[in-house]
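> Starting off with a structure, shown below.
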Amino acid sequence: MNVPRVSSPARTTIRALAPAVLLLSGLAACANDDPNAFAPACAPVGILGDAADYSDYGTAEDRPDLAKLISHGSILGVSGHCSSAANNTQLHTEIRLDLGITRGPATGASSLPVPYFIAVTRDGQVISKQTLTAQAQFPGNADRVLVRTDPVDFNLPVSRAQPGTSYRIEVGFQLDAAQLAYNRSHITH
């Protein structure tokens, strides 16, 4: 049985005031007397140019014979977010990568490991680096898949003198010396 809803003037007034109350409560949070309080500024994120592509030929001697290509990958995007943590003394950051991975003719494997890294730098120096592995799963006859990595969480110490923007986050494929040399000689930036 449907009962018609009747809107009372009080209910209409409360609905009309709700956005204003939310706005004022948000502004009240900005009026913090704590001299260390600030809105968080996320660290800039970049893809390291020399490590933006990944080609696995097995051995350096097989490079660049396409018949011996095991897999190739490209970083398609980086996403994430940051927020204040620990009474505004840390910047909680979450990063994930979108990778395009192609299975080469030298493998019939339905799953291939893809090594990548996330590094935090400050003043051009690496202060933290995580080397991780994503798994590229190839269903059926598919030779190309999109891999979204698991989110990686970390906390950066921050203050007024050292805001989140004093850091930089660099991502890329974890390459061996031969792969890096190949990228540097074959990829133009």
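Throughout, read-outs are computed from the coordinates displayed, never taken from laboratory work. Everything quoted here is computed from the prediction, not taken from an experiment. Ideal geometry is used to build each Cβ from the backbone, glycine not excepted, and the neighbour counts take in all protein chains shown.
> At what distance in nm do the modelled label points of residue 145 and residue 130 sit from each other, each positioned 7 Å from its Cα along Cα→Cβ?
Modelled inter-label distance: 2.1 nm.
> Give me a comma-separated list of calculated 3J(HN,Hα) values for segment 175-182, in order, Karplus coefficients 6.51, -1.76, 1.60 applied at θ = phi - 60°, integers in Hz, x for any Gly or Pro.
Each residue's phi maps through the Karplus curve to give 10, 7, 4, 5, 5, 5, 4, 4 Hz.
> Evaluate E = 1/(1 + (r/R0)^6) for residue 61 and residue 92, where r is the Cβ-Cβ distance and R0 equals 35 Å; express this FRET efficiency to the nearest 0.05.
My answer for the efficiency is 0.20.
> Another question, if that's okay. Could you list 83, 71 so that the one with the fewest beta carbons within 10 Å of its beta carbon is first and the one with the most is last?
Working: 83 11, 71 21.
Fewest-to-most Cβ neighbours within 10 Å comes out as 83, 71.
> A follow-up question, please. Amide H of residue 69 versus every other amide H placed in the peptide plane: which residues, excluding those fewer than 5 positions away on the same chain, fall under 5 Å?
106
> If a/c stays under 1.5 just call it rounded; otherwise compare a/b with b/c (prolate if a/b is bigger, oblate if not). Do that for segment 124-189, with a ≥ b ≥ c from the square roots of the Cα gyration tensor eigenvalues. Write down the numbers at each step before the final one.
Working: a/c = 2.98, a/b = 1.57, b/c = 1.90.
Because a/c hits 1.5 or more and a/b fails to exceed b/c, segment 124-189 counts as oblate.
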